[in-house]
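Since the structure comes first, as structure tokens, the remarks are kept for the end.
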Amino acid sequence: MKLLTKTTLYYLGFSVIIYLSIAVAFYYVTEYLVYEDVETKLLSEKKDFETFTENNGLWYKSCYFVQNKIEFVPSVYHDDKVVFIDTLLYDKNNYQLIPFRQVTFYEKLGSDYYKIHIRKSLIESDKLLKYLTYTLLILMVIGLSVTYFVQRWISKGIWKPFNNTLSKVKSFKLTKEQELELSYSNIYEFEELNGVLNKMVRKMQKDYKNLKEFTQNASHEMQTPVALINARVEELIQSKNLTDKQVYLIQEINNSSNRISKLTQGLLLLSKIENRQFQEIKNVDFDVLIKRKIEELEELFSHKQLKVEYEKNGNFVFYINPDLADVLLNNLIANAIKHNFFGGTIIIKLSDDGFEIINTGDTLSIDPKTMFQRFRKGKTSLSTGLGLAIVKQICDVYGLSIEYYYQNKLHHMKVNREELVIGL
Amino acid sequence: MKILIVEDEKGLSESISNHLSKDGFLCERVFTYAAAEEKINLYSYDCVIVDINLPDGIGFGLVEALKKISATTGIIIISARNAIEDKIKGLEIGSDDYLTKPFHLSELNARVKSLVRRKSFGGTNEIVFNEIKINLNKRMVYVNDAETPLSRKEYDLLLYFISNKEHALTKEAIAEHLWGDNIDSVDSLDIVYSHIKNLRRKLMEKGAKDYVHSIYGIGYKFEDH
């Protein structure tokens, strides 16, 4: 639920409760005041009545012509209580029942006791009360809706900087070296939030940059000593009459230093792709590239007696750095060769939106989800474990998607142009 | 043939010098930009090997200076920076080749020789090794003047062997020379073996002696003895 909806709902809920309570209280207060007024009048009339009967000893019905005003009932029972009640009486003029407030008491007239009712019509006060309540309710509804809309309108304005910030943070990508430009807000809380976010992002960018630089520098710095080791090993193997033991040691050193140099080169390549240091970008026709690669790697295929099929079902031309396109295809095909059976098959399919490399091979010894991570490799592999990480990085940087799946005992590696999600 | 090696890492510079001297090159070594500048102004060299990152300067400046002094000197840049822009820049300002560290000495040797061949005035486009003759322009190989058809890789392999004759070569160096360094595959070493086998067979069929000697556990050596 949106914050605005939530606050509005709370606001409306409480407002309705409070407004209704006010309306009820108002009703009863008004009613109380009306009754008090009527009852005071009735009591004073009772007093008038008593004075009259005291002086005259009798009450003449004719002396009070107001309809339903006063009523005598002879009564044996009598007490000193004075009782007020509401009652409805038929009005002969209007042919309808009309509310009255009546006071009842007992009085001795002459020698007999009478039960006496004196009444006052409530019709005017009732109307007053009714109209007051209606007016109040209508005003409340109007007031409530006006405040509702005004509040929504104000909230929208007030939350705008927050929403701006949010959408900017959403579209922010650390790997793309962009500034998080948050617009200024005159609301203290939001300005504080923006400040904190800006600070955090700058710190993140700095750390990320440091990390990248470290990888790159470390790899760079390692190149020279590795070059020295390699050179010395090459010198060493020139000597004649090496013993088997010495050859074995040299071999080990050579293998390790070759691995280090491959690793550092791989890491350097990765960080360079990450840093977008490959600036030349042009449209690469993958049909041409695939054909060239198949030719280039021919010896590797025939060595493992692999059957290579190329199915061209479309034209895939993509805007990418040509060297990296080469690396991308190279690593994927090399992978398909490496993890293949002797005498297996490699199928390369090209469509308008990408290409797919399908190969036979043993089932995966690693989780497919982790296969694109650095240094992730199968049990038997002597490789650096960077090949697919490089592939993934290239795909990420240039907007390609890569997907692996295993179907009908075949490994599929599918590279497609990423669908552009507008507004992302 | 005089070669100047401008490399601040003394061990590496020494190795390069040892390796090239063995093939009859006269090597001089300097370790700083200033010393290199002095040398190229005083003497002339057939080939200069320049490291880009020197303690007192960037090697590109040396390349530019060299180009002004002597257009015929071959220049090879060696650098720890594999950046393509650096490579392009180096070639644009007049270097003839670019090698990324770490490299194999045999690769550098082959590049130096190819460069010297190209640069030498009226350059021979033929390499002769006993009964084997290679015509570089036509990319053709003759054994005892009989045409010997080789595949592209076999031809490259033979040229590499002859450029590095009498040097022991590791299988990795050969694989890298033939397929570049982006073949991250163990299989390539086995393929080296099968290519060498084919090359040997084709040469010997035409009556060449078997010059390829395998060195147990290390690699191969091309020599006549």
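Is the range A:360-376 home to any residue that is touching a His at 6+ places or on another chain (Cβ under 6 Å), free of Cβ contacts under 8 Å to residues at least 60 places away in the same chain and either outside any strand (DSSP E or B) or open to solvent by 20 Å² or more (accessible area, probe 1.4 Å) (or both)?
Scanning the range A:360-376, I find at least one residue that is touching a His at 6+ places or on another chain (Cβ under 6 Å), free of Cβ contacts under 8 Å to residues at least 60 places away in the same chain and either outside any strand (DSSP E or B) or open to solvent by 20 Å² or more (accessible area, probe 1.4 Å) (or both), so the answer is yes.
Could you grab me the full set of residues in the range B:147-171 that are in a helix (DSSP H, G or I), open to solvent by 40 Å² or more (accessible area, probe 1.4 Å) and out of contact with any Leu (no Cβ under 7 Å at 6 or more places or on another chain)?
B:ARG152, the sole residue that qualifies.
Which one of the conditions (1) over 20 Å from A:GLU296 (Cβ atoms); (2) of a type in the set (Phe, Trp, Tyr); (3) within 14 Å of chain A (Cβ to nearest Cβ) does B:TYR155 fail to meet, given that it meets all the rest?
(1)
Are any of the residues in the range A:379-388 within 14 Å of chain B (Cβ to nearest Cβ), among the aliphatic types (A, V, I, L, M) and open to solvent by 60 Å² or more (accessible area, probe 1.4 Å)?
yes
What number goes with the only condition from (1) over 26 Å from B:LYS10 (Cα atoms); (2) more than 8 Å from every other protein chain (Cβ to nearest Cβ); (3) surrounded by 14 or more Cβ atoms within 10 Å (Cβ to Cβ) that A:ASN241 does not pass?
That leaves (3) as the condition not met.
Could you tell me which numbered condition B:PHE60 fails, if it satisfies all but one of (1) of a type in the set (Phe, Trp, Tyr); (2) in a helix (DSSP H, G or I); (3) in contact with a helix residue (DSSP H, G or I) (Cβ under 6 Å, 6 or more places away or on another chain)?
(3) is the only condition that B:PHE60 fails.
Picking from B:LEU12, B:LEU66, which residue would you name as being over 30 Å from A:LEU324 (Cα atoms) and in contact with a Gly (Cβ under 9 Å, 6 or more places away or on another chain)?
The match here is B:LEU66.
Is it the case, given these coordinates, that A:ILE250 is within 9 Å of chain B (Cβ to nearest Cβ), crowded, with 17+ Cβ neighbours inside 10 Å, among the β-branched types (Val, Ile, Thr) and over 25 Å from A:PHE372 (Cβ atoms)?
Yes.
So that you can scan it fast, the table gives a plain yes or no per residue for (1) within 14 Å of another protein chain (Cβ to nearest Cβ); (2) under 27 Å from the mean Cα position of the chain (by Cα); (3) in a helix (DSSP H, G or I); (4) among the aromatic types (Phe, Trp, Tyr):
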{"residue": "A:LYS173", "(1), (2), (3), (4)": "no, yes, no, no"}
{"residue": "A:LEU180", "(1), (2), (3), (4)": "no, yes, no, no"}
{"residue": "A:SER183", "(1), (2), (3), (4)": "no, yes, no, no"}
{"residue": "A:ASN198", "(1), (2), (3), (4)": "no, yes, yes, no"}
{"residue": "A:GLN205", "(1), (2), (3), (4)": "no, yes, yes, no"}
{"residue": "A:TYR208", "(1), (2), (3), (4)": "no, yes, yes, yes"}
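Can you run down the residue pairs with Cβ atoms below 7 Å, 6 or more apart or on separate chains, where the first is in the range B:207-223 and within 14 Å of another protein chain (Cβ to nearest Cβ) and the partner is aromatic (Phe, Trp, Tyr) and surrounded by fewer than 18 Cβ atoms within 10 Å (Cβ to Cβ)?
B:GLY217/A:TYR248
B:LYS87 passes all but one of (1) within 14 Å of chain A (Cβ to nearest Cβ); (2) surrounded by 15 or more Cβ atoms within 10 Å (Cβ to Cβ); (3) touching a helix residue (DSSP H, G or I) at 6+ places or on another chain (Cβ under 9 Å); which number fails?
Here B:LYS87 clears every test but (3).
The values are calculated or read from the model by the stated rules, or taken from the named source; none is laboratory data. Model, not experiment: these values are computed from the prediction. Here Cβ is always computed from backbone atoms with ideal geometry, including for glycine, and neighbour counts include all displayed protein chains. All accessible areas refer to the heavy atoms of the entire protein, side chains included, with ligands and DNA or RNA removed. Shrake-Rupley method; radii C 1.70, N 1.55, O 1.52, S 1.80 Å.
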